[in-house]
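Since the structure comes first, as C-alpha cells, the remarks are kept for the end.
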C-alpha cells in the first residue's frame, strides 16, 4: 500500500475512533448521571479529580425582541454578528456583491480540508508503491 493510501486509511480509522469515542462519552455521561442520582450526590472524587454534575440551561435568544427592548449601546455590546459564507458566496456569484467589496472585506487563511466520500469509478486510484 502506498504511503498516501496508508495515510488516508489511518485518517479514516481515526475518524471512526473519534465517532466511537464520542458515542462512548455520551453513554458514560448518561451512566454518570444515573449513578449520581442513585448515590444522592452530584460530586465524586476519582483519581484526584472532582467530577461534579451541574444543572444548566442552554439558552437561545430572540434577537428581534432583544433589539426592541434595549438601547443601541447594550445591543451592540452583546450581539456579535458573523457572515454566512455560503450566502455570501451565492451573492458574489449572482453579482449582488461586487468583487471590490469582496477584496475589501475578506481575508483568507489557508488550511487543508479533508473530504471523505464514498468511492466511485471517477475516483483517482493511487498506485501502490513498488516493493523494495
* Determine, for each peptide in 62-74, 101-113, the mean count of other beta carbons within 10 angstrom over its residues, then list the peptides with the highest first. => 62-74, 101-113
* Structure fact -> With a Förster distance of 30 angstrom and the Cβ-Cβ distance between residue 117 and residue 83, calculated FRET efficiency to the nearest 0.05 equals 0.65
* **Spin-label pair residue 16/residue 2, simplified geometry with 7 Å Cα→Cβ offset, distance in nm** => 2.2 nm
* Chain lengthening between residue 50 and residue 92 when straightened (0.36 nm per residue, less Cα-Cα) -> 10.0 nm
* Asked: Do the sum for the chain: with -39,500 (n - 2.57) for every DSSP H run of n ≥ 4, divided by all residues, what is the mean residue ellipticity at 222 nm, to the nearest 500 deg cm²/dmol?
  -> -16000 deg cm²/dmol
* the chain - percent relative contact order, Cα under 8 Å, separation 6 or more -> 33 percent
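Taken together, the values in this text are just the output of simple stated rules run on the coordinates, not laboratory data. Note that this is a predicted model, so its numbers are computed, not measured. Note that we place each Cβ from the backbone using ideal geometry, even for glycine, and neighbour counts take in every protein chain shown.
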